[in-house]
Amino acid sequence: MKQSKYVDKVYKLTRHAAPLSFMLPTRNSRSFPLMHWDEDTGVNRVLRYARNQNSPFEDEQDGNAIVEPVIFEDGFLTVSKQNQVLQKFLAVHPLNGKKFEEINTEADAKEDMESLNVEVDALIEARALPIEQLEVVYRVIYGRDCSKLSTAELKRDVLIFAKNSPEAFLDVLDDPELNHNASTQHFFDVGVLATRKNNTEVWFSTATNKKKMLSCAYGQEPIAAAAAYLKSDKGIEALKMLESLTNM
């Protein structure tokens, strides 16, 4: 466990275990085997924290080990750079990543920056959408009619979605099926397509055609089923007919 710089480290309990005081197991026992799998030797090595030893492994300690508790107070534990044996012990502890984790401010900052950059990208893309594209995106992300919404309402709702779910929003924009899926949604919105039997069937609902289009596969959304059908060779004529009726 080589490192070029010794630093104080802070650890915190995960959200799955955050009592006011938590005592971490520090020695091997029948009730809690404290072992670390050594990849180099292929052996499970017994762990033990002893403040007067230089190693967290029991087989490298002498017979004068002074074992003491490791206690998280208010969910946190600070370990000074002078206590390298405890830092090493915590690094290989089997509860590391489960009950507790090291606070890495640099890594956290990088993760936050990546998340913020995605959010900014999504908001920029959402703000730049022309009104026609806004309507298309709105129908896809919200799955409902937007014909009665004002431009301001459309922009607001799309921007809110982009802010709250930036990755999902960018995925929608990258979807090559975006316009087709939005058109299919529009057919349902204006009533030329309809569902029956608890959304398990899609029917035409025009003045001259009240026939059944298809039955949805188990668990399939009607819009997804209709979009797939209208894109197929079998449904291309139906698509042209629906587009002509809705002036698309």
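Taken together, the values in this text are just the output of simple stated rules run on the coordinates, not laboratory data. Being a predicted model, the structure only gives us computed values, none of them experimental. As a convention, Cβ positions derive from the backbone with ideal geometry for all residues, glycine included, and neighbour counts pool all protein chains shown.
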Taking only pairs six or more apart or across chains, which ones have beta-carbon atoms under 8 Å, a first residue in the stretch 18-34 that is without any contact (Cβ under 8 Å) to a residue 12 or more places away in the chain, and a second residue that is surrounded by 15 or more Cβ atoms within 10 Å (Cβ to Cβ) and hydroxyl-bearing (Ser, Thr, Tyr)?
none
Here is a check on your reading of the model: is Thr184 of a type outside the set (D, E, K, R), within 29 Å of Ile124 (Cα to Cα) and over 24 Å from the mean Cα position of the chain (by Cα)?
yes
Suppose we keep only residues that are within 15 Å of Leu116 (Cβ to Cβ) and within 13 Å of the chain's Cα centre (by Cα) within the stretch 155-171. Which one would you say is surrounded by the most Cβ atoms within 10 Å (Cβ to Cβ)?
Pro166
For the subset of the stretch 202-248 comprising residues that are assigned to a loop (DSSP other than H, G, I, E, B), among the charged types (D, E, K, R) and out of contact with any Phe, Trp or Tyr (no Cβ under 7 Å at 6 or more places or on another chain), which member is surrounded by the most Cβ atoms within 10 Å (Cβ to Cβ)?
Glu221
How many residues does the stretch 54-72 hold that are more than 17 Å from Pro25 (Cβ to Cβ) and within 32 Å of the chain's Cα centre (by Cα)?
0
